[in-house]
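See below for the structure under consideration.
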Amino acid sequence: MNLTIGPLSAEPGQKTRGSLTADLGSTTVDVPLILINGSRPGPRVVLTGGVHGGEFIPLDATARLAGLLEPDDVAGQVVICPVANPAAVYGGRLNISPLDGININRVFPGDPGGGPTERMAAWLFEHLIDGADAYADLHSGGIDQYLLDFVGYRLTGDDALDAKNRAMARAVGYERAIFGTSPDGGNSHAAANRRGVPAILIETGQLGDREPATVRRLLDGLYRLLHHLGVVEAPQNLAPVTAQPRDWIWTGEVESEVTGLWYPDAVTGDEVTEGQTIGRVVDPVDGAEHKITAVSSGTVIYHMNGLSVRPGTHLAAIATPHH
C-alpha cells in the first residue's frame with residue numbers, strides 16, 4: 001500500500017524525499033521527511049531527530065540512515081524526520097524553542113490550537129506518530145549536558161505494550177535501558193504510549209558531540225532496532241554489543257531552585273546517596289551559595305555542564321539498576 005503523508009507519497013518499493021509545511025500560528029516551518037516504502041509488507045516505523053536544538057548526533061544519524069536504507073532492503077514502511085522541531089534546531093540550539101521558550105518534549109501530544117511549540121507537537125503526532133506500529137525519538141546530550149548513553153521507555157500498565165516497549169529498548173544494544181513507572185507527562189514516547197504506540201527514547205553522545213564514531217554507535221543501534229522490528233535483515237558490519245542490556249529505573253531528577261552559576265561536585269557516572277550534596281549554585285552578585293542535594297540514591301546518568309542556570313533547570317538525573 002502507498003505511504004502518504006500530506007502531499008508526499010511513496011509507492012511500495014519507492015523512497016520519497018521532501019518537506020511539509022507546519023502551521024504554528026504565528027509562523028510556519030518546513031519539516032523534512034524521508035518516506036521509505038519497502039518492497040515487502042511489514043510494520044510502519046517512525047524515527048524523529050531534532051526534537052531539541054543542540055543535539056547533533058540524531059540529526060546526522062537520521063540523515064545518513066535515510067540515504068542508506070533502500071526500499072528493496074525494507075519490509076514495511078520507515079518514516080524518517082531528521083529535524084522534527086526546526087525552530088529549536090536552527091534558531092535556538094537549546095531544548096527550548098526561541099519562538100516561545102517552551103521545551104517541546106514536555107508538551108506532547110501537543111495542542112493544535114495552542115502556542116507554536118504545542119502546535120508543532122500536535123503536528124508531529126497528527127502526521128507522523130499516530131497510527132505507527134513503532135516509534136523511536138532520538139536525542140543526545142546537548143551542548144551543555146554530560147550524558148551516559150541510554151534507552152528510555154515507560155511502563156504503562158498494559159502488559160502487551162510494556163513488553164513491546166521493553167523489547168525495543170533492549171534491542172538497541174545499549175547497556176542501560178531505563179524505565180519510568182508510568183506513561184504520564186509530555187515526553188514524546190510517553191505520549192505515544194498513551195495513544196497505544198510502542199515507543200522508546202534513545203540518547204547517544206554528550207556535549208553537542210558530532211563525532212563520526214558516536215553517529216556510528218547510534219546507526220548501529222537503529223539497525224538493531226529495525227532488525228528486531230522485522231524491517232531489515234540482520235545487517236553486516238555492526239559493532240558487537242559490549243555489555244548486555246539491563247533494566248534500570250529512574251529514581252529522581254534534580255532541578256535548580258534558584259538563578260545563578262552551577263558548580264557540580266558529583267558528575268555523570270558517579271554514585272550518590274540521597275541527601276548528599278552534589279553541587280552548589282552561586283549568586284553572581286553576592287557570592288551566596290545554594291547547596292544542591294541528591295533527591296535519591298543511584299548513578300548520575302546525566303548532569304548539567306553549563307554554568308548559568310535558572311529555576312527549573314535540570315541539574316542531574318539519577319537511576320539505579322533494577323533487580
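The values are calculated or read from the model by the stated rules, or taken from the named source; none is laboratory data. Quantities reported herein were computed from a predicted structural model and do not represent experimental measurements. Quick reminder, even Gly has a Cβ in these numbers, built from the backbone with ideal geometry, and neighbours come from all protein chains shown. For the accessible areas, the whole protein counts, side chains as well, though only heavy atoms, and no ligand, DNA or RNA atoms are used. Shrake-Rupley method; radii C 1.70, N 1.55, O 1.52, S 1.80 Å.
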What residue among Pro240, Pro71, Pro41 shows peak mean-square fluctuation when the chain is described by a Gaussian network model with Cα springs under 10 Å?
Pro240
Solvent-accessible area of Arg246 with every protein chain in place, 1.4 Å probe, in Å² to the nearest 10
100
Of all accessible surface on the stretch 1-49 at a 1.4 Å probe, what whole percent is carbon and sulfur?
49
Would you kindly derive the ³J(HN,Hα) couplings of the stretch 65-81 from the backbone phi angles with the Karplus curve 6.51 cos²θ - 1.76 cosθ + 1.60 (θ = phi - 60°), listing them in order in whole Hz, with x for Gly and Pro?
4, 4, x, 7, 6, 10, x, 5, 8, 10, 9, x, 9, 10, 10, 10, 10
With a 1.4 Å probe and every protein chain left in place, work out the accessible area per residue of the stretch 1-139 in Å², rounded to a whole number.
37
If you line up the long axis of helix 159-171 against the longest principal axis of the chain, both from Cα atoms, how many degrees apart are they, to the nearest 10?
80
Full extension from Arg246 to Arg40: what is 0.36 nm times the residue separation minus their Cα-Cα distance, to one decimal in nm?
70.9 nm
Suppose every Lys and Arg Cβ carries +1 and every Asp and Glu Cβ carries -1, with no other charges. What dipole size does the stretch 31-167 come out with about its Cα centre, to the nearest 20 debye?
100
The helix 212-228 Cα axis meets the longest alpha-carbon principal axis of the chain at an angle in degrees, between 0 and 90 and rounded to 10, of 60
Rounded to the nearest 10 Å², the 1.4 Å probe accessible area of Glu70 is 80
Approximate shape of the stretch 49-121 as ellipsoid semi-axes (Cα gyration tensor, √5λ), whole Å, largest first:
26, 15, 7
Can you give me the long-range amide H partners of Met304? Hydrogens built in the peptide plane at 1.01 Å from N, cutoff under 5 Å, separation of 5 or more residues or another chain.
Ala316
Report, largest value first, the span of the C-alpha coordinates of the chain along each principal axis, in whole Å.
64, 47, 38
At a 1.4 Å probe radius, carbon and sulfur cover how many percent of the accessible area of the stretch 54-137?
49
Just to confirm, what accessible area per residue do you get for the stretch 174-223 at 1.4 Å probe, in whole Å²?
35
Per residue, how much accessible surface does the stretch 225-269 expose to a 1.4 Å probe? Answer in Å², no decimals.
58
